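Trainee: Before anything else, here's the structure in question.
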Amino acid sequence: MDSWVWAQLPDESIVGGRLREMVLKYIIHKSCGSYNVNAPCRQRNRDTNTKSCNKYYLQPFTTTATLNERSGRAEYCRTKNGDNPNVRNKVGNTLVDIPVRNQWAVPHNPYFY
């Protein structure tokens, strides 16, 4: 699964950094979290009465892809490598620089780029 689906930021050496630029621009879930607690993807949990992302972000760091037997969801390889680029995101009427890590990367197939 790890060779076909990536869920982390590509290295800058791949395709001259173009793949990394595209991932940072188009396939990072950057709309919620502590930077935007009122994002549309955040919904209130009836049991705990707290808001969380209905897309299940932040994803956990893992070294290999696995299938979570309890939830039935794939957990893709997301390494904790210290790579924290900033991405601009609109929060309310203000543009904010948000540091992102592999936990925010949406699963994608690098061969389509």
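Trainee: Please verify whether Asn102 is within 14 Å of the chain's Cα centre (by Cα), modelled with pLDDT of 90 or more and of a type outside the set (A, V, I, L, M, F, W, C), treating the condition exactly as stated.
Mentor: In short, yes.
Trainee: Separate question: Would you check which residues across the stretch 38-53 are farther than 26 Å from Glu21 by Cα and within 14 Å of the chain's Cα centre (by Cα) and list them?
Mentor: Residues satisfying the conditions do not exist here.
Trainee: When you scan the stretch 65-91, how many residues do you find that are more than 22 Å from Arg20 (Cβ to Cβ) and in contact (Cβ under 8 Å) with a residue 40 or more places away in the chain?
Mentor: Summing the residues that are more than 22 Å from Arg20 (Cβ to Cβ) and in contact (Cβ under 8 Å) with a residue 40 or more places away in the chain in the stretch 65-91 gives 2.
Trainee: Further question: Scan (1) of a type in the set (Lys, Arg); (2) surrounded by fewer than 15 Cβ atoms within 10 Å (Cβ to Cβ); (3) not in a strand (DSSP E or B) for the single condition Lys30 breaks and write down its number.
Mentor: Condition not satisfied by Lys30: (2).
Trainee: A further question follows. Among Val37, Val87, Val15, which is the only one that is assigned to a helix (DSSP H, G or I) and over 12 Å from Val106 (Cα atoms)?
Mentor: Val15
Here's the yes/no breakdown for (1) out of contact with any helix residue (DSSP H, G or I) (no Cβ under 9 Å at 6 or more places or on another chain); (2) surrounded by 12 or more Cβ atoms within 10 Å (Cβ to Cβ); (3) aliphatic (A, V, I, L, M); (4) farther than 22 Å from Thr94 by Cα:
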{"position": "Leu9", "(1), (2), (3), (4)": "no, yes, yes, yes"}
{"position": "Glu12", "(1), (2), (3), (4)": "no, yes, no, yes"}
{"position": "Asp47", "(1), (2), (3), (4)": "yes, no, no, yes"}
{"position": "Thr62", "(1), (2), (3), (4)": "yes, yes, no, yes"}
{"position": "Asn68", "(1), (2), (3), (4)": "yes, no, no, yes"}
{"position": "Tyr76", "(1), (2), (3), (4)": "yes, yes, no, yes"}
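The values are calculated or read from the model by the stated rules, or taken from the named source; none is laboratory data. All of these numbers come straight from a predicted model, not from anything done at the bench. When we count neighbours, we look across all protein chains shown, and the Cβ atoms used for this are built from the backbone with ideal geometry, even at glycine.
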